[in-house]
Amino acid sequence: MSPRPSALRLAPRSTGLGLAAVSLLLLTGCFSSGTSAAGGAGGSTDARVRAAMMQPPRSALSPFSDDAFKLSRWSTGETLVRLDEAGDAQPMLATAWEQLDETTWSFTIRDGVTFHDGTELTAQNAADSLARAVAAEPAPRILDGVEMDVTAEGDTVRVTTAEVDPLVPQRLSSPQLSVLAPAAYEGTAVTPVGHGTGPFELTALDGTSGATLERYEDYWGDPAAAAGIDVSFVPDGTARAAALRTGEADVVESVPVGQAAQVDEELLTEVPMPRTNTLYLNTEDGPFADPALRAAARQALDPQSLVDGVYEGRADVAAGLLGPAIPYAAEGRDTDEYREPLAARAEAGDPAGEKITIGTFTDRAELPEVAVQLQQQLEAAGFEVELDVREYQYIEADALEGDFDAFVLSRATVLDSGDPVAYMVSDFGCEGSFNLSQFCSETVDAALDRAEQATPGEERRRAILAAEATILAEDAAIPMLHERVIQGEQNGVVGAARDPRERELITAETTVAE
């Protein structure tokens, strides 16, 4: 294990303007394949959208990897169902579905859909596409731990699971289960180029530099408003901000908070993310095994100062584990059922100089700064605090082993199914695979079981919030703030999606006006 430093020193934040100038010179040529000129307020059918994406492909856009989210954000890969704002399943390549028994579902495939290579979408090739995802190694994240069998039955796809799973439709909305043409699977690797079903056809992938998409004229839905998309992969946040500021990109993913001040505010849109910055407390060993000291830590924290200082006002103070990106969370907390367990939380004790070690990592730029402020707040309350900050790859194992008294983590609360139960089970279940708090409670496990078995919709939402309240009552974790992502759009951009789940970006409605 790496030695733990006795203190953490942070360099002053740089504006990065010198780097931006150099990066912009490199970036200028990346968008040369198209022009965003358009006529009229609504854009033009000749317009092309220039998109600067944060991360290059890691697996050549394989749908079985996280690259699948690029396919959905470019509207080139589609799934049997899609999720609405509330996380409920809606028709896409499947027009209807029904649950035949506890473990079997039937999905009716949409007529009149052709893949980008001209092949007709059928129940058989849809089932074959999904079956390949089920058999993939490693398994797509959405299918981790899920046993599933997929077959075609006439004009339907039949999905059978080994265990009762009320979230089967939501699972099938994951971009990792995009349905591609049979030809996509003929080589040693899955090739999405020319094999999707969306309003844009992916025609070229230039390694980790960029991609080109063209309007697909035979799309089954409304045709794309723009003629195409010219994608550039720009990992450097300073360069992405510069591309927006200088007009080299029309739509820009994830403008860093530290660069936002360099960009015209009218070009920035803040999108609430299903991601919560949380302080996990070790409930098994050390000072925070005492509920009274966990309560003392909760009372000592000032999340507003983190929002104002570290995040420069571009975040939301946490009201719970789930934030404003979950539409039903705020309304559901205004009930006696939710308040009752919170009223029974332990009273705060006296830290009396107790020594604690807080761990976090450098991969997310804000977290070390958050840790420094937490150190100051907890020391003001009477704790003695040491920080241990490393790269994530060198600290994750120690965190999972419970080597820290507390750990600061920016955690996604809604995973691929659009449902937060998996996150809660992983982090707070007795058998949870990501239980940083070393936490186990029969009461919490019972609440999580009820949420897991609840039917999607209002019943499940109530069960989710009841489980959240039960978890918070134990002070195993202190949610501090909910993050936002800053999306950049030129003034002429029309119809770009602002999606908290980061599944949509350039849609059939997106174009660029003069």
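The values are calculated or read from the model by the stated rules, or taken from the named source; none is laboratory data. Predicted, not measured: the structure shown is a model, and the values here were computed from it. Note that each Cβ is placed from the backbone with ideal geometry, even for glycine, and that neighbours are counted across all protein chains shown. All accessible areas refer to the heavy atoms of the entire protein, side chains included, with ligands and DNA or RNA removed. Shrake-Rupley method; radii C 1.70, N 1.55, O 1.52, S 1.80 Å.
Quick notes on this structure:
- Looking across region 332-390, just one residue is buried (at least 20 other Cβ atoms within 10 Å of the Cβ), out of contact with any helix residue (DSSP H, G or I) (no Cβ under 7 Å at 6 or more places or on another chain) and part of a loop (DSSP other than H, G, I, E, B), and that is Phe383.
- Listed here are the helices (runs of 4 or more DSSP H) enclosed by region 219-305 that have at least 1 residues being under 21 Å from Gln373 (Cβ atoms), open to solvent by 10 Å² or more (accessible area, probe 1.4 Å) and of a type in the set (Gly, Ala, Ser): 257-260, 291-300.
- Residue match in region 84-97 (condition: of a type in the set (Val, Ile, Thr) and in a loop (DSSP other than H, G, I, E, B)): no
- A single member of Asp117, Asp111, Asp155 is surrounded by fewer than 20 Cβ atoms within 10 Å (Cβ to Cβ) and over 14 Å from Leu93 (Cα atoms), and it is Asp117.
- The single condition among (1) under 18 Å from Thr507 (Cβ atoms); (2) aliphatic (A, V, I, L, M); (3) surrounded by fewer than 15 Cβ atoms within 10 Å (Cβ to Cβ) that Leu93 does not satisfy is (3).
- Scanning region 122-138 for residues that are within 17 Å of Met92 (Cβ to Cβ) and open to solvent by 10 Å² or more (accessible area, probe 1.4 Å) returns Thr122, Asn125.
Matching residues to (1) open to solvent by less than 10 Å² (accessible area, probe 1.4 Å); (2) more than 24 Å from Ala406 (Cβ to Cβ):
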residue	(1), (2)
Cys440	no, no
Thr443	no, no
Asp449	no, yes
Glu452	no, yes
Ile478	no, no
Val485	no, yes
Asn491	no, yes
Arg498	no, yes
Ile506	yes, yes
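- Residue pairs whose Cβ atoms lie under 8 Å apart, sitting 6 or more positions apart in sequence or on different chains, and linking a residue in region 350-363 that is on the phi > 0 side of the Ramachandran plot to a partner that is in a strand (DSSP E or B) and modelled with pLDDT of 95 or more, are Gly353/Glu384.
- All positions within region 391-403 that are closer than 15 Å to Pro368 by Cβ and open to solvent by 10 Å² or more (accessible area, probe 1.4 Å): Glu391, Tyr392, Tyr394
- Taken together, the residues in region 112-127 that are in contact with a strand residue (DSSP E or B) (Cβ under 8 Å, 6 or more places away or on another chain) and assigned to a loop (DSSP other than H, G, I, E, B) amount to 4.
- For region 343-388, a tally of residues being hydrophobic (A, V, I, L, M, F, W, C), farther than 16 Å from Phe407 by Cβ and out of contact with any Gly (no Cβ under 9 Å at 6 or more places or on another chain) returns 6.
- Residues (β-branched (Val, Ile, Thr), over 22 Å from the mean Cα position of the chain (by Cα) and within 17 Å of Thr278 (Cα to Cα)) located in region 422-470: Thr470
- Checked against the criterion of being in contact with a His (Cβ under 9 Å, 6 or more places away or on another chain) and over 18 Å from Phe288 (Cα atoms), region 302-315 has at least one qualifying residue.
- Only one of the numbered conditions (1) part of a loop (DSSP other than H, G, I, E, B); (2) out of contact with any Ser or Thr (no Cβ under 9 Å at 6 or more places or on another chain); (3) over 24 Å from Glu504 (Cβ atoms) is not met by Val134, and that is (1).
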